[in-house]
Amino acid sequence: VIPIGKGRIIRRPGGVNGETSGNRRGRERKDRIAILSFGTRLHEALVAANEVEEMDSSLGVTVADARFMKPLDVDLVRELVDDNSIIITVEEGS
């Protein structure tokens, strides 16, 4: 169960599990992008992250799930801002 008001990182650069087995591939990439998914668009955000990394191996994409992030999880947003040069939000038309 995810507490209300908390987001969570679902995918780190290199895949859903990110840096498994000591693999630092994602951290060595020059350009880092974070996708922050609000609402029910997490699947689309994960697909987009995989496609971006397949198209350009110099990019590392993190996906965070903010579906239940009301009020805003400021610590998670700060972490994403500190670790990435681009932040993209994906949300429903609400």
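Tabulated results
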item: Failed item, numbered, when Asp83 is tested on (1) under 12 Å from Ile33 (Cβ atoms); (2) exposed (fewer than 10 other Cβ atoms within 10 Å of the Cβ); result: (2)
item: Single residue of the range 65-78 satisfying the filter (in contact (Cβ under 8 Å) with a residue 40 or more places away in the chain and assigned to a helix (DSSP H, G or I)) that is nearest to Lys6 (Cα to Cα); result: Leu76
item: Glu91 being in contact (Cβ under 8 Å) with a residue 40 or more places away in the chain and in contact with a Phe, Trp or Tyr (Cβ under 7 Å, 6 or more places away or on another chain); result: yes
item: Only one of Thr62, Thr40 that is assigned to a strand (DSSP E or B), under 27 Å from Gly93 (Cα atoms) and at pLDDT 80 or above; result: Thr62
item: Pick from the range 64-80, criterion out of contact with any helix residue (DSSP H, G or I) (no Cβ under 9 Å at 6 or more places or on another chain) and open to solvent by less than 60 Å² (accessible area, probe 1.4 Å), ranking: nearest to Pro13 (Cα to Cα); result: Leu80
item: Selection from the range 49-59 of residues that are assigned to a helix (DSSP H, G or I) and open to solvent by less than 40 Å² (accessible area, probe 1.4 Å); result: Ala49, Glu53
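The values are calculated or read from the model by the stated rules, or taken from the named source; none is laboratory data. This one's a predicted model, so the numbers in the text were calculated from it and none came from an experiment. Note that each Cβ is placed from the backbone with ideal geometry, even for glycine, and that neighbours are counted across all protein chains shown. Remember, those area values only see protein heavy atoms, side chains included, never the ligands or the DNA or RNA. Shrake-Rupley method; radii C 1.70, N 1.55, O 1.52, S 1.80 Å.
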